[in-house]
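> I am attaching a structure below and will ask some questions about it afterwards.
Computed from the coordinates by the stated procedures, all read-outs in this text should not be read as laboratory data. No experiment lies behind these values; they were computed from the predicted model shown. Here the Cβ positions follow ideal geometry from the backbone for every residue, glycine too, while neighbour counts run over all protein chains shown.
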Amino acid sequence: MRGDERTSHHAVISLILRRLGRLALTVMLISTVVFLTVRVIPGDPARTVAGMDAAEPAVEALRIRLGLDRPLWRQYLGWLWDTLRLDFGTSFFSQEPVLDLILDRFPLTALLAISSFLVSLLVAIPIGVIAAVKRWTVWDGLGLMFAQVGMAVPSFWLAILLLMLFSVRLGLFPLFGADSFMHWILPVVTLATERAAVLVRFVRASMVEELEKEYVLAADARGLPHMRVRFSHALRNALMPVVTIAGIQFGYLLGGAVIVEQVFSLPGLGRLFLSAIVSRDFPVIQGGVVFIAVVFSLSNCAADLVSAAVNPRIRVG
Amino acid sequence: MRRRTEIFVRILLGVSVVYLMGLLVVAIAAPHIAPTDPRLQNIPARFSPPGTAGFLLGSDEFGRDVFSRILFGARSALLVGGVSVILALGIGLVVGLTAGLAGKAVDSALMLLMDAVLSFPTVLLAITVVSVFGYGLPQVMTAIGVIFSPLFARIIRTETLALKQEPFVLSARALGTPLRRIITVHLLPNMLPKIVVQCTVTVALALVVEASLSFLGVGAQPPTPSWGLMLRNARNYLFDAPWLALYPGLAIGSTVFCCNLLGDLLGELLQRDQ
């Protein structure tokens, strides 16, 4: 008994270590790619920062200050070391540390992503489960239709439609900004719809698969209450694979948030990132990419660990 | 599947095939169908509501005909969808076949790279790439093609690994058939159905990414008629000209809907065949 427990603990620890290793590898790969792309672009970053009409000595001084005069491999090692310490340098324009800029904006984006994530689960799980239990009925058709339409409608169009209907026409919600609770509702609905559409299909597929298993047939045959078999036994098993998928979906929410923040003029990470791109503020772009890669990998990692926690079969295997 | 559902599914399949064929015709014949030049400005007639004489779907802030712009927008959309999927398929084929045939070390290295690409939000990655190489549809197509290549690489690798254990491939190799012939005659035709399904779904994904980038201002540049770009401008006139936001979105939504549906149903049919 105790031996089993110990092997199971070992398995969990090795799972965590493996996932963290992959995380480190991914982040390193992403930062290498970012480092290289910024340096292969036509044009001199120092020139971009200094402005097209700056005098050559000023550009040269800037080049030295930004470390662009050093050999590429030394720049790369320096970049890796800085990244490891989460030091992304300072913004070309506002001169503020990039990490401060990011941490300043991240809470809004994180809050938007987390609330949309919860809403999407609250919507997708019941719809997916009902569609699976009532397979090939009108309910199933409606659920699948919701999924197809939700996936086809681009989030920014949905956002505009919601704004036109609820803010312009009915005047129920404020138009732009993030000052009150009411400002949050339409952005959250937009993001949640997009994710829920994808999740519904996973929940339905997973539940259908579970309902076809023998234990459900056996429980039905033994005359256990029909609904209890479905909603307590099968549902719990069916939701396990959904946890992993949901973790990945959470990562995509961060990407979706960029667009939705733009439509609703929310001052989050997305807006910071986008304005950095428009003004070619490379430290902010690099820092933003690495930061998002870390958050994205962490959420995938967390999902894996949660599914290992709820599903002993993964732990042992 | 119950019979009624079956009939319904068939109707849906027919509708989406007809829609997509129609869209292709529209894209090719846009100069002949469109009532006016999509770039023709007519300032006095700006913000004409839909149904005004000469403006079936209204006019925009420069008095350009929305209907003509949507027809020409189909060109940008299908061009981006087509080119980026061909690019993604090309890269995916090279990487997937190499990973499947070259042995464990190469396989692990390539798949690690592919996973790294997939482990980043698509739209953000596309924005980053475009920010470095410049705005515009060619850059967007390239970025989308590269970003979606892992989707193909994974499928092709899995299929290659499975197929190369099959007796007909083993015996062809034993007979000394050249690798190129094994790939073109034995491997590719057998994985074609899955590739076709993936292509259909990827076109839909590519359309959404292109529209998103154009909406954010880093994709198609004015005055190119692009559905995403039209929505970008429409956001500024929600009060005065709501129709500007309605029709381009409808065009994107229905095209993506039909592509997704087609992909799903083809996949379902293939699965049933096996």
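> When only Cα pairs under 8 Å and 6 or more residues apart are kept, what is the percent relative contact order across region A:205-291?
That works out to 19 percent.
> Which whole-number percent gives the relative contact order of chain A, counting Cα pairs below 8 Å spaced six or more residues apart?
Dividing the mean separation by the residue count of chain A yields 26 percent.
> Looking at this model, which pairs from B:K164/B:K194; B:K104/B:K164; A:K134/B:K194 are more than 23 angstrom apart at the alpha-carbon?
From the list (B:K164/B:K194; B:K104/B:K164; A:K134/B:K194), the Cα-Cα distance tops 23 Å for A:K134/B:K194.
> Further question on the same structure: Which whole-number percentage describes the relative contact order of region A:87-195, with Cα contacts under 8 Å and a sequence gap of 6 or more? Spell out each step's value before the answer.
Details: 73 pairs, mean separation 29.9, N = 109.
27 percent.
> Moving on. Within 10 Å, count the other beta carbons around each residue, average over each peptide in B:131-137, A:149-155, and list them highest first.
Ranked by mean Cβ neighbours within 10 Å, highest first: A:149-155, B:131-137.
> Between region B:15-52 and region B:163-182, what is the separation of their alpha carbon centroids in Å?
First find each Cα centre; the distance between them is then 51 Å.
> Can you give the mean number of other chain Cβ atoms that lie within 10 Å of the Cβ atoms in peptide B:111-120? List each step's numbers first, then the result.
Values: counts 0, 4, 2, 0, 4, 11, 4, 2, 12, 12.
Per residue, the number of nearby Cβ atoms from other chains is 5 on average.
> Evaluate E = 1/(1 + (r/R0)^6) for A:M227 and B:V17, where r is the Cβ-Cβ distance and R0 equals 56 Å; express this FRET efficiency to the nearest 0.05.
About 0.90, to the nearest 0.05.
> Nearest 10 degrees, 0 to 90: what angle lies between the long axis of helix A:282-310 and the longest principal axis of chain A (Cα atoms)?
20
> Could you work out the mean count of beta carbons from other protein chains within 10 Å of each residue's beta carbon in A:154-166? Could the numbers behind the result be given before it?
On the way: counts 13, 4, 12, 15, 2, 4, 12, 4, 0, 4, 6, 1, 0.
That works out to 6 on average.
> Rounded, prolate or oblate: which fits the protein assembly as shown when a ≥ b ≥ c are the square roots of the eigenvalues of the alpha-carbon gyration tensor, with rounded for a/c under 1.5 and prolate only if a/b beats b/c? Each step should come with its number before you reach the end.
Working: a/c = 1.36, a/b = 1.12, b/c = 1.22.
Cα axes put the protein assembly as shown in the rounded bin.
> Cα centroid distance between region B:87-102 and region B:213-274, in Å?
For region B:87-102 versus region B:213-274, the Cα centre distance is 29 Å.
> Taking R0 as 25 Å, what's the FRET efficiency between A:L170 and B:R46 from their Cβ-Cβ distance, rounded to 0.05?
0.40
> Right, here's the next one. Efficiency by 1/(1 + (r/R0)^6): what FRET value for A:L161 and B:R173, r their Cβ-Cβ distance, R0 = 41 Å, to the nearest 0.05? Please report the intermediate quantities before stating the final value.
Numbers: r = 57 Å, r/R0 = 1.38.
With R0 = 41 Å, the Cβ-Cβ based efficiency is 0.15.
> Report the one residue of A:A54, A:Q75, B:L110 whose Cα lies farthest in the direction of the positive end of the charge dipole of the protein assembly as shown (charges on C-beta: Lys and Arg +1, Asp and Glu -1; origin at the Cα centre).
B:L110
> Rounded, prolate or oblate: pick one for chain A, where a ≥ b ≥ c are the square roots of the eigenvalues of its C-alpha gyration tensor, a/c under 1.5 means rounded, and failing that, prolate if a/b is larger than b/c, else oblate.
oblate
> Let me ask another. May I ask you to order B:235-243, A:117-125 by the average number of other C-beta atoms within 10 Å around their residues, highest value first? Please report the intermediate quantities before stating the final value.
On the way: B:235-243: 16.0, A:117-125: 19.9.
Top to bottom by mean Cβ count within 10 Å: A:117-125, B:235-243.
> What is the spin-label model distance, in nm, from A:A302 to B:L250 if the labels are put 7 Å beyond Cα along the C-beta direction?
About 4.1 nm, to one decimal.
> What nm distance separates the two modelled labels at A:L17 and A:R39, each placed 7 Å from Cα along Cα→Cβ?
Inter-label distance under the simple model: 3.3 nm.
> Describe numerically, in nm with one decimal, the distance between label points set 7 Å from Cα along Cα→Cβ at B:A105 and at A:A54.
If labels sit at B:A105 and A:A54, their model points lie 4.5 nm apart.
> Per-residue mean of other chain beta-carbon atoms within 10 angstrom of the beta-carbon, peptide B:14-27?
That works out to 0 on average.
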